[in-house]
Structure formats: structure tokens, C-alpha cells
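Derivation of every value follows stated rules applied to the coordinates shown; laboratory data play no part. None of the values given here were measured: they were computed from a predicted structure. A quick note on method: Cβ atoms are made from the backbone with ideal geometry, for glycine too, and the neighbour counts reach across all protein chains shown.
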Amino acid sequence: MKRFFQSIRWPLAVFVLVLAAWQGACLTFKIPGYILPAPGAVAAAVAERHQNLLQAFRITAVEAAGGFLCSIVGGISVALVFAQSPVIRRSLYPYTLVLQTVPIVAIAPLILMWFGSGVRSVMLVAFIICLFPIIANTTQGLVSVPRNLMDLFKMSNASRVQTLLRLQLPHAVPALFVGLRISSGISVIGAITGELFASSNAVGEGGLGYSITYANSQLQTDYLFALVLTASVLGFLFFFLVVFFEWWFLHHWHESAMKADAE
Amino acid sequence: MNAPSSPATLPGSPPFIQLDAVTKRWPNGSVVLDDVDLSVNKGDFISLIGPSGCGKSTLLRLLSGLSPLTSGTITLDGMQPDNAREIMSFIFQDATLLPWRTVLGNVELGLELEHRTTATQRRERANRLIDLVGLAPVASHYPRQLSGGMKMRVSIARALAIRPKILLMDEPFGALDEMTRDFLNEEVLRLRDNDQFTTFFVTHSVAEAVFLSTRIIVLQANPGRIVRDIPVSFPGPRTAALRSAPDFLAQVGEVSAALRAVKTRT
């Protein structure tokens, strides 16, 4: 516990300093609350509307988690197909790249138009944005097994399935987690982006993205800050969940986990 | 001290391992091995030694069937290399352990992929081999917790677990310090007393080759050819003390001279 406090004391000091400067600036320059609310005002908004925040948090968490989990299943499946042959990889990889390069804000309205303005559509937006990092990293892990290990399995007359399940897949787990770390954070971005457009269809029920547009239109800037804060808490939560599972799976054998042990 | 030990071969029967006019060319046309003939008796310990680029590692890959021949034939106990994998084990230059498996799990791997043993048999045989290489206290450790020498011993135990008739070793001790290497050399001899496998051993160390082998094949480079075939035998048992015996030193001298002659020629 003491070590934990020691490790966070510098970031904590920066945090306190920035808050103090912010609060000081708001008071000194008499900045209106609808342009930049003071930290105190944001804290008051959090306290006052914690039930709305919690509700919005819960809705967005479900949407982001749904999209994220589907992207894990989908991404690993696609990577397993990609690992089968360089021809498959070369023919299809450029198209998965589209997932990464097309701006999600441009296709989110289309998705909501096509699939309706419900939770499922928002999940789909989160799913699309999460998919590419998982596909790319898992594929890389599956195909980058050292040659000697492949030869070892060949010498044992291992079947393709055996090689995939006992060599390539476990070898790809660290790379998979790199993808999961990236996707965990952006799943929340995906869900919120989806909600922004869902709300315009007048159905969007209370998620963080919906509430952000609402707070913005009402100039409730202190509440808007509280929502943004809640959204980043959600992103952090997902990220640390992934880091925990990564530690859980890898700490026995993986080098990166060993370094964390040594610290 | 002349003919290599040949009790296992009856007159007239084909040798255990036979290479006829084996040639390997890379796709760019350069010749790695040129017209190599070699007969090996059962139980022989053959060291392949020569300058880099002489194709000694390539020869192991051809024997294992990991790499195809350009021309010529290889017969291993009556089989083509591709079909002989069940009686062969390959020990690589690095230990090639699966980092997510414990020592025990790694030693079990070969048996597991073969599907010819039950889980209990596997565990039993793996444990016996782990005992044999002196790793019983670390059987449940993961590779990252082991030293280089220990990892290599796991690799040896894994190779021997399937009871191979032929063992192919590609400079397995090259990356280890001299003390560990000497110790593992003695261990290999001890394991060989237990289980009479036929061995091809690639090395750069003349002393190691003399200590372990019944025959030393000296190769030249560009193109790879066999230039000397030196039988090695000692009257007494091979123990650590052999390393300072005059017989041993004389043999090392002979092989070194042969190797030097090759190097100056190419």
C-alpha cells in the first residue's frame, strides 16, 4: 500500500496543482460557468446529478462492452482465417484496413439509418471501431512464430490444427492483448459516437453521448464536464480490466509480465 | 583405432543410414552440398565439422526432411527422410522451448503430438527423462526461470522422450559457456549409454567433437564436400578425465590439422 502511494505521488501532485490553477484562474478572471466551469462547480454537478451520470454510465458501458466483446470474437476469428495462408492475407487485409481508415463519424449516421437508432446499432459502431486493432495484432502474433518452433512441430508430424492450437494461438496471446488494450479505450469512443447520432433520431435513451449533446445544447457546461469525466472513467475501467486479464494470462511465462514483477 | 565400430551391421545388409550423391542447391544456383556419399552404422555418433558455409547444418535439415534434396537419395532405416520423422528428434541451436509451458509440459510435447501414449504414460516418461537430466527440482518451472544450460537440458529431454533412433543436433551447445558445455557433453554420453541412438552432431568445437564422436566428418565449403572421415576410438571409458589424456590430445591435434588444411584450401 505504501509503495502504491509512492508510485502515484508525482502524478497526484500534478493533478492537484492543475486543479488549483484551474480553480484560481476561474475565480481571478471571472470566467463565466457556461464557458469554463471551475472544478468546484464540476464536482457539485457530479454530486447533484450522480444518478443521471450513473444511468448514462451504465447504458454506455453496456453498449461499449457489447461492441468490444463482439469485436474480440470477430477479430480473433478473422485473424485465424488470415493465418491460414499468405494469399488469403494479401487478398483481404487491405479491406480490413478500410475499417481503420474510414472516419467512424462518417459511417455512424449510415449505420444508425440502416439498422435503426437502438442499442444494437450503437454496439455495431463500437464493434467496427474495435475490430481492426484486434485483427491486425492477432494476425501478426499468429504468423510470427519463430521458424525453429515451426520446424519442431513439423518434426513431430503435428497437424495443422495442432500447430494452430498449441503453437500459434498461445504464441499470439501477448500480441492479442496489445490489440485489446487499444480497443478497450476506443470502444467507449465508438459507443459515444454512435449515441451522438442516435440522439438526433429522437430515440437515444440517456447514454453518455446522448447526454453530452443534451448538456451542450442547454449550455450546462458543468454537467458536460461531469459527463466527459464519467466517459474517461469508463475508458480507464475497460483498459484496466484488460490489463488485469493480461496479467492473469501471461504473468507465469511472458517476459513483459516478468519485468512488471521485478519492478 | 581404424574402422568405426560396426557391430550392428551384418555383412551384406544395407547400412542404417545411407546418403547417395546428395546434392543441395539454393534457388539462386549456389551449391551448398555437392555429391555427398556417406554410410552410417547404427549407434554411431557422427560429428560434422567444417568452416561456415560448408553445409553441415543444411545436411541435418536434409536428413530431417525439413528441407528437400536437389538430387540424390537419403535412406534412414529403410525410409525417406519425410517418413522417418517418427524415429528422429531434432535438437536446435537454441532450446526452442514453448515459454507458456512448464519444463514438464515441454518435455511432454513430442509425445503429446504423436498421440500414441496416454496422458499417464506421457507424464511418467517425461518425469523419468527430467530425472535423468537432473531437472526434477524445476519440473514445474517455466523456461524464463531457467539458465541457458538448463533450457538445453529440457530440450534434450524433450528430444529423447519419443525414444528416437536418430538424433540430429545442430550446434546445441554453441551458445553455452565452456563449463556448462563440458558438463552437458558428459551428460550426452551418459544418455547414450542408456539409449543407443544414432547421432549427427554439428559443432565448431574440435575438442567437443573428439570427446563425443565415433566418427568425425570434416567438410569443406564452396561447394560443400566431405574431405576427411576420421574414426575416433579410445581404449577406456569416456569420462571427464579423458580430456587430459595423451590419446585424446593427439586426436584433437589430428582433427585440428585436418580442419586447418580445409580452411587454407578454400
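Post the alpha-carbon centroid distance, the stretch B:213-238 to the stretch A:42-79, in whole angstrom. Answer, in whole Å: 70. Taking the longest Cα principal axis of chain B as reference, the axis of helix B:148-161 is set at about 90 degrees.
Under the classification rounded if a/c is under 1.5, otherwise prolate if a/b is larger than b/c and oblate if not, where does chain A fall, given a ≥ b ≥ c as square roots of the Cα gyration tensor eigenvalues? The shape class here is oblate.
Compute the signed sum of charges (Lys and Arg +1, Asp and Glu -1) over the other residues within less than 13 Å, Cβ to Cβ, of B:L98.
Every neighbour counted, the sum reads +2.
Give me the net charge of B:R125's neighbourhood, meaning all other residues with Cβ under 15 Å from the Cβ of B:R125; Lys, Arg count +1, Asp, Glu -1. Within the 15 Å Cβ shell, the charges total 0. Summary value for chain B: 26 percent relative contact order, contacts being C-alpha pairs under 8 angstrom separated by 6+ residues.
Considering only alpha-carbon pairs that sit under 8 angstrom and 6 or more positions apart, the relative contact order computed for chain A is 26 percent. Among B:120-131, A:5-16, the peptide with the highest mean count of other Cβ atoms within 10 Å heads the list, and the full ranking is B:120-131, A:5-16. Between the Cα long axis of helix B:178-194 and the first principal axis of chain B there is an angle of about 80°, rounded to the nearest 10. With the cut-off at 1.5 for a/c, could you classify the protein assembly as shown from its C-alpha gyration tensor as rounded, prolate or oblate? Cα axes put the protein assembly as shown in the prolate bin.
Modelled label positions at A:W248 and A:F5, each set 7 Å beyond Cα in the direction of Cβ, lie 3.0 nm from each other.
Placing unit charges on the Cβ atoms of the charged side chains and taking the dipole of the protein assembly as shown about its Cα centre, the candidate lying farthest along the positive direction among A:S159, A:G74, B:L104 is A:G74. The angle separating the long axis of helix B:246-265 from the principal Cα axis of greatest extent in chain B is about 60 degrees. When a/c reaches 1.5 or more, the comparison of a/b and b/c decides; with that in mind, is the stretch B:17-265 rounded, prolate or oblate per its Cα gyration tensor? Cα axes put the stretch B:17-265 in the oblate bin.
The base-10 log of I(q)/I(0) for the stretch B:62-167, evaluated at q = 0.13, 0.14, 0.21 Å⁻¹, reads -0.50, -0.57, -1.05 [Debye formula, identical scatterers on Cα atoms, solvent excluded]. Averaged over the residues of peptide B:78-89, the number of Cβ atoms from other protein chains lying within 10 Å of each residue's Cβ is 1.
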